[in-house]
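Working notes, structure below.
The values are calculated or read from the model by the stated rules, or taken from the named source; none is laboratory data. Predicted, not measured: the structure shown is a model, and the values here were computed from it. As a convention, Cβ positions derive from the backbone with ideal geometry for all residues, glycine included, and neighbour counts pool all protein chains shown.
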Amino acid sequence: MSTANKMCCKGNIANNMCANRAQVCCFGQYDCNNKYTNPGQTQNMCPNIGIISRSAWRSRSPKTNLKSLAPVGHVFIHHTDDGNTCNNQNDCSVRLRSLQSYHQLNKGWTDIAWNFIIGGDGQVYEGVGWNKEGFHTLNWNRYSLGIAFVGNYNEVEPSVEMLDSLEELIKCGKNKGYIRPDYQLHGHRDALTTTECPGEELYTDISQMPHFVPGPLNLLPN
């Protein structure tokens, strides 16, 4: 990689300033002869987990432009509730394309509902991403990220790999400035709905995680 392409900087890192979500822009004094490099150019945006891009799982394009999302104070956990989980990239990609088609064609939504989706092997898949509003939790989409576990977790426990990936994904979102440090973690059912989502077993697991706040939540967040 040439010096010109490294986007080296000596200064502060600023998120949400590049058209390419894989990049992190910087501002301040540029110093490409020193050690200050743009991490978005040299490493995975979330170094402890691999995120499968939309292009890799061959998603459709959004039907219309998605609304931008400011750093969020809430993270809602869901299950896809469409049978057993998937355990490899090929099978999960097929499932995600089916879910996206259902959401766009049957539900009339612009795109797949969630910001991210986690497969049974712990792989994370990009939904609408960090800084776009999803379609996952009524009245809360503009304030939150939605993360879905592929499968139904009313009676089956999610894998350790899935739970580890969830924690790493949230940690990454905090480090990159997409999730506020004082965020609250919820299950879908906490948002004054009658749903069992994300399933009893998954709900029990997330209730033991840091920042968990149970419902019923106020209709509108603070």
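Residue by residue through region 186-222, note down the ones that are surrounded by fewer than 12 Cβ atoms within 10 Å (Cβ to Cβ) and closer than 19 Å to Leu163 by Cβ. Listed by number, the residues that qualify are Gln208, Pro210. For region 132-162, the candidate set comprises residues that are over 17 Å from Ile52 (Cα atoms) and of a type in the set (A, V, I, L, M); within that set, the residue that is surrounded by the most Cβ atoms within 10 Å (Cβ to Cβ) is Leu145.
Of the candidates Glu155, Glu167, Glu133, Glu161, the single residue that is assigned by TED's automatic domain parsing to the domain that holds Lys63 and more than 17 Å from the chain's Cα centre (by Cα) is Glu155. Would you say Asn84 is at pLDDT below 95, part of a loop (DSSP other than H, G, I, E, B), under 21 Å from Gly187 (Cα atoms) and of a type outside the set (Ser, Thr, Tyr)? When the stated conditions are applied, Asn84 does not pass them.
Listed here are the residues, each with its yes/no results for (1) in contact with a helix residue (DSSP H, G or I) (Cβ under 9 Å, 6 or more places away or on another chain); (2) at pLDDT below 95; (3) over 20 Å from His136 (Cα atoms); (4) not in a strand (DSSP E or B).
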residue	(1), (2), (3), (4)
Gly28	no, yes, yes, no
Asn33	yes, yes, yes, yes
Ala56	yes, no, yes, yes
Ile77	yes, no, no, no
Ser93	no, no, no, yes
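Going through region 112-126 one residue at a time, which ones are more than 14 Å from the chain's Cα centre (by Cα) and modelled with pLDDT of 95 or more? Matches in region 112-126: Gly120 only. In region 171-185, the residues that are within 19 Å of Asn48 (Cα to Cα) reach residues that are of a type in the set (Phe, Trp, Tyr) with C-beta atoms within less than 8 angstrom, at least six apart or across chains, in these pairs: Gly173/Trp130; Lys174/Tyr183; Lys176/Trp130; Tyr178/Trp130.
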